[in-house]
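Scroll down for the structure; my scribbles are underneath it.
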Amino acid sequence: ILPDGAQLRANSVRTDCSGEAAGAFFLSGEADHRRYADNLSDFCYGPMMIKGTMFDGMLRWTEEAWGVCYQDDVARALIPTLISAKLGITDKHVPSVTRALEFLMRTTAKDGLRTRRTDNLVYLQSGTDIASLSEEEHGYPCSHYNSYYSAALILCYLVTGREDMLEMGVRGLETLMSLYPETTREQSETSELCRLVLPLSVMYMATKKEAHKEMLER
């Protein structure tokens, strides 16, 4: 919003914003909103998801950035879908969510953190398998890029019972909290630390561990 009150709007259609909007429509409780929610979800898990190749399950960032993946923005699309499933509204897209998270897990470093973004063209041009990222010791130590991803993994565990997703989600958040509050800033310190509140809450809800409660309270 500019000083004169004018509002700017991006023209590109983003997967994360579409997924969040779908969640709002799912949770509104209005029957006629369900059609919007279903259409937006079908867009996210239809044309915006890669099927096959070494990128199988990847959610595209926007309809212009066709080969770019930011895991925090993927998580912003997945979390509303998982919350809708957890609340019993619909589980239609849970298999797609699982597929998306499996791609992210295949491209996550050993410490549970992923690099800030991946560009498919880099791997196609070099002939390198994108799964080689899983062999790296460390990902990008930034809550902005990784905490919501961890939250999506843990929420998927709560919906599907996938223990491997719980383990990786917890590992990523524990790595971030081992660095707290000196994680890498993407924008402001306030933004960076605020992004930890929801993920740490989800982790404590799943594990009930006192150490995780202390991380949330901290």
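Results, tabulated for the structure shown:
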{"quantity": "Hits in segment 179-192 (condition: open to solvent by 40 Å² or more (accessible area, probe 1.4 Å) and either in contact with a His (Cβ under 9 Å, 6 or more places away or on another chain) or in a helix (DSSP H, G or I) (or both))", "calculated": "Leu179, Thr184, Arg185, Glu186, Gln187, Glu189, Thr190"}
{"quantity": "Residues (among the charged types (D, E, K, R) and either farther than 29 Å from Lys86 by Cα or modelled with pLDDT under 95 (or both)) located in segment 105-163", "calculated": "Asp119, Asp129, Glu135, Glu136, Glu137"}
{"quantity": "Entirely in segment 77-178, the helices (runs of 4 or more DSSP H) that have 3 or more residues that are open to solvent by less than 50 Å² (accessible area, probe 1.4 Å) and either touching a helix residue (DSSP H, G or I) at 6+ places or on another chain (Cβ under 6 Å) or closer than 21 Å to Arg195 by Cα (or both)", "calculated": "94-106, 143-160"}
{"quantity": "Within segment 19-48, tally of residues that are open to solvent by 10 Å² or more (accessible area, probe 1.4 Å) and of a type in the set (A, V, I, L, M, F, W, C)", "calculated": "8"}
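The values are calculated or read from the model by the stated rules, or taken from the named source; none is laboratory data. Here the structure is a predicted model, which is why all the values come from computation and not from measurement. Here the Cβ is made from the backbone with ideal geometry for all residues, glycine too, and neighbour counts use every protein chain on show. To get the accessible areas, we keep the full protein, side chains included, count just its heavy atoms, and leave off ligands, DNA and RNA. Shrake-Rupley method; radii C 1.70, N 1.55, O 1.52, S 1.80 Å.
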